[in-house]
C-alpha cells in the first residue's frame, strides 16, 4: 500500500490508496502547497510549532525545515498506521527537531476510540472525525496546555471537527503566547462555535481557501485531477499583535 517518492520537501512515504494526500503526492509531488505558501511567511528559524492532526507529515516536514535545528515541531496524529507513516517521513528526512505523538488532542485529558480503517482500500484517511466511535483502538486524549510549553509561535489544527475542543484545551497556552493559528473550518454545524471561540480568545480571523491543485506543482503536471476542490481554513492573528493581510475577514456570528 505504501509508495516512496522524492517530493518537493524531500522523501515522502505515502499510502497510494489515500484519495487526496497520497494521490496528490503521487501525481504532483506535493500536497496543498497553497498552505505552505502561507506558512513560510509566518514561521521563522527557532520557532516552536504545534501541529494537531499532522497526518503523514506533508506539512510537518517543511515546517521542521523552516524552524531549523533551534526550533521544534510537535506533531500529533491519532491513527496508528498514519502515525507510523508520519514517523517514517520524519526519519527519512533526518529531522531531529520533530516530536511525534500518537495521541488525539481535545478539551480535557482522557482517551478516545480510533476505528481501524482498511488502509489497503481507497479512502480519505485524512478525513476521519473522532468522538463517536465505540469500537477500535483506544488512544490517549491530551490537551495542549498539558504540554507546558516554553514557547508556541504557530498552532496548526486539522482534526475534522474537533478543532474547537483542541483550542479549549490549549486556552492557557494560547493566552500566554498568542501564536498565529491556522485552523480548518469546513464543518458547517461546528463553524459558528469555532469562530466565536477564537473571537473570545481575542483573535481576528481571515478565510484562506487554497486549491488542491497547484499549477506550479513540483512534478510539473498540468492536469488538474481535483477539479475545483479547495481546503477551507482560517488564518488567525491575536488582535494585540500587529498584522497586515489582504484577504476576507471572517465575520463573527451574532
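What follows draws every value from the coordinates through simple rules; no lab data is involved. The structure presented is a predicted model; accordingly, all values stated were derived computationally and were not measured. No Cβ is skipped: glycine too gets one built from the backbone with ideal geometry, and neighbour counts run over all protein chains shown.
Below is a table of values for the structure above.
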quantity: Percent of beta bridges antiparallel (DSSP, segment 31-238, rounded to nearest 5); calculated: 45
quantity: Modelled FRET efficiency - R0 30 Å, residue 108 with residue 81, Cβ distances, 0.05 increments; calculated: 0.70
quantity: Gain upon complete extension [residue 188, residue 96; 0.36 nm per residue less C-alpha separation]; calculated: 29.3 nm
quantity: Sequence-separation-based contact order of segment 31-238, relative, with Cα cut under 8 Å and 6+ spacing, percent; calculated: 19
quantity: Residue 41-residue 225 pseudo-label distance in nm [points 7 Å out on the Cα-to-Cβ vector]; calculated: 2.9
quantity: Residues 18, 145, 158 arranged by fewest to most Cβ contacts within 10 Å; calculated: 145, 158, 18
quantity: Most mobile of 213, 201, 116 in a GNM of the chain (Cα contacts under 10 Å); calculated: 116
quantity: Residue 120/residue 245 FRET efficiency (R0 30 Å; Cβ-Cβ; nearest 0.05); calculated: 0.10
quantity: For segment 1-129: rounded, prolate or oblate by the Cα gyration tensor [a/c cutoff 1.5]; calculated: oblate
quantity: Gyration tensor verdict on segment 133-247 (Cα atoms; rounded if a/c is under 1.5, prolate if a/b is larger than b/c, oblate otherwise); calculated: oblate
quantity: Segment 31-238: C-alpha gyration tensor shape, a/c 1.5 cut-off, then a/b vs b/c; calculated: rounded
quantity: Average Cα contact separation per residue, segment 177-254, under 8 Å, 6 or more apart, as relative contact order %; calculated: 45
quantity: GNM result for the chain, Cα springs below 10 Å: residue of 220, 106, 202 fluctuating most strongly; calculated: 220
quantity: For the chain, calculated [θ]222 nm from helices alone, where every DSSP H run of n ≥ 4 adds -39500 (n - 2.57); calculated: -7500 deg cm²/dmol
quantity: Stretchable slack from residue 2 to residue 138, in nm (0.36 nm times residue separation minus alpha-carbon distance); calculated: 46.5 nm
